[in-house]
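**Q** Quick one: this structure, given as structure tokens, is what I'll be asking you about.
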Amino acid sequence: MLLPIAGWISLIASAIVLVEIIILCILYRKLLKKTKAPKNETLYAAAGAPVGAALLGPAFTVCAVLLILEAVFYLWLIIRFVRLLKDTVDDAVQAPVVPAEPEPEPLPQSEPEHKPEPQPEPIDETAPVAEVEELVRDAITISEAHDALSDEFALHLIEEDPTNDIPVEPVAIDPAHPGETQPLSAEPRYKNKTIINVDTLSENFDNYSHINLDTLKAKGLIPAKTDFVKVLGRGLLDKHLIVELQDFSADAVKMIVLTGGHAIHKK
């Protein structure tokens, strides 16, 4: 901002000085002509000389003095301006560089607390019996049974056949050594497996029928060589049945128990 103002002031001052120099030169030229005029020309002032002709000398002197004073003033002004500019540059150079403040380090984010997953409540195997008795009905569909009880709850309603706990240690004769015997596995190995649906049992048996492998084979519902049957839920059950077979689905257990029957696991 300071440099443009100083430039305009210098330009105006130079123009004024130039005008004054031109005026001074004009006055000097006229004064020189007056000095070279003949001495006997005494009637010059009275015969028509310009009124200001007598003032050429003093005017020239005044203009010369003013021009000298202005030159001195402008010289002083230039010197002051140069010193001011130099001081400004020195201050800018000597100004201490303030280091930028370091950005604060981000605070470490604490890891979210790990909440332990809720453990499922253990199922009381003795309490459900009374609750199921209140839900017993004459007939039930698979959709109704599915909504009435949970699968985990239903699997705890399967009863165990008492004969499953009788320790049996069958033996087999080794063909290579007829005189020796070896114990068989206590777990039976099933070779012929099949399935049967609850609605099939309801259609082929009466109320309170006892159903097992023999009764199913007698009615021709499973092949004669079958040694493993799994009961599945389907359709409608409207009978109270006692089913003693090898495996049950959760929905089949619900349908059998909710109609007042029993699902018994038989090995």
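Residues are listed down the side, and each one gets a yes or a no for (1) among the basic types (Lys, Arg); (2) assigned by TED's automatic domain parsing to the domain that holds Ala252; (3) part of a strand (DSSP E or B); (4) at pLDDT 80 or above:
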{"position": "Arg137", "(1), (2), (3), (4)": "yes, yes, no, yes"}
{"position": "Phe153", "(1), (2), (3), (4)": "no, yes, no, yes"}
{"position": "Ala172", "(1), (2), (3), (4)": "no, yes, yes, no"}
{"position": "Ala186", "(1), (2), (3), (4)": "no, yes, no, no"}
{"position": "Leu201", "(1), (2), (3), (4)": "no, yes, no, yes"}
{"position": "Tyr208", "(1), (2), (3), (4)": "no, yes, no, yes"}
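**Q** Hey, another quick one. Provide a single number: the residues in region 223-259 that are of a type outside the set (S, T, N, Q), touching a residue at least 60 places away in the same chain (Cβ under 8 Å) and assigned to a loop (DSSP other than H, G, I, E, B).
**A** 4
The values are calculated or read from the model by the stated rules, or taken from the named source; none is laboratory data. On a predicted model such as this, the values are computed, not experimentally measured, just so you know. Neighbour counts are summed over all protein chains in view; Cβ atoms, including those assigned to glycine, are modelled from backbone coordinates with ideal geometry.
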